[in-house]
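A short worksheet on the structure shown next.
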């Protein structure tokens, strides 16, 4: 698996090819995202192989990166999908992912989205509240179908992460509290067949560096699964969610296959090996295989401080502004070294700041923001009248597809029409 690397001359590479050469493939347009499709597909294949049994499902969290070129590689590698909207469901299915490998999550699914999911007979619609079960049942009755539902459990496990990406604690909007699960099962059993309880799921949060907290929360799901089976219920699958972290340059993380193997071992140890295991990784599959290339517009120096000002900003990569995430910023033609520059974007917000990065005494012409394959383009905006960036997809060492920016002119036209 390639992803980002450097050659003997310290040139930045993606998928083994110099990024300067790949940039030529998009006409030198910046800002531009580049994705190593081969590395992404190999990661999914590795996870599928680690689970072994074809019943088990690697349900890629589509929200991390919704590009069709990427999703087709996930499908080719045997992956499924975790979707949180009707749009994501439509894209996942159109790129070859079978409905039987798709789960739908989300706390406020629209009726139209539920109708779409019900018409596709997904592996499971993952209900996030007791109240949602009533809505799912009503839509199923209106369509004359039985809804396959799983209950998303809030495991009441607080992880060491930023508050914006911790989802399994008591104050989170996600999931059903354990004490409310008996009422949830009662409503399913009393639904006159419109609701079929097929699973239990959870997601404790993101950027888990090792499987310990992940397994702690998964044990809660296993306990509740055994309780349901003892009561005479039937289950098809358990989802332990995703949240596997990656190394953004701040310390190593266990690889995604370590989480997959630990999850499978736990399922068996808990006496639930007959059930299908579903995992929902997103970041760990795509983040290390995507980069954002930006051009240096100008520099600024004052009282010993130095700023490097890019044509890419928080509108292109929101994570640093949203929750102080760290992305390594490096020159394309030299390894990090020397005096640090404060790297900032063009947006009129103080939060448009990528932090301090060592790049020597001379400012580079082009930089790369590493590990940007997840929650980059999908969270991008046109704030300040700035066009969405170009996306380029790399396979076999060359650009095989380009999704070009629509440009500022398109933004101007649409705003004038508003």
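Assorted remarks:
- Residues located in segment 228-246, provided they are surrounded by 15 or more Cβ atoms within 10 Å (Cβ to Cβ) and out of contact with any strand residue (DSSP E or B) (no Cβ under 8 Å at 6 or more places or on another chain): 229, 246
- The criterion of at least 3 residues that are at pLDDT 95 or above and farther than 30 Å from residue 345 by Cα is met, among strands (runs of 3 or more DSSP E) falling completely within segment 7-102, by 57-61, 80-83.
- Residue 135 in the same structural domain as residue 203 (by TED's automatic domain parsing) and either under 20 Å from the mean Cα position of the chain (by Cα) or assigned to a helix (DSSP H, G or I) (or both): yes
- For segment 98-152, a residue qualifies if it is surrounded by fewer than 19 Cβ atoms within 10 Å (Cβ to Cβ), closer than 14 Å to residue 176 by Cα and out of contact with any helix residue (DSSP H, G or I) (no Cβ under 9 Å at 6 or more places or on another chain), and exactly one does: 131.
- From 326, 357, residue being surrounded by fewer than 18 Cβ atoms within 10 Å (Cβ to Cβ) and in contact with a strand residue (DSSP E or B) (Cβ under 9 Å, 6 or more places away or on another chain): 326
- Considering (1) more than 14 Å from residue 221 (Cβ to Cβ); (2) within 16 Å of the chain's Cα centre (by Cα); (3) buried (at least 18 other Cβ atoms within 10 Å of the Cβ), the lone condition that residue 260 does not fulfil carries the number (2).
- Count of segment 310-354 residues which are more than 23 Å from the chain's Cα centre (by Cα) and either assigned to a strand (DSSP E or B) or under 19 Å from residue 6 (Cβ atoms) (or both): 15
The values are calculated or read from the model by the stated rules, or taken from the named source; none is laboratory data. Given the structure is predicted, the values throughout are model-derived calculations rather than measurements. Don't worry about glycine lacking a Cβ; one is built from the backbone with ideal geometry, like all the others, and counts go over all protein chains shown.
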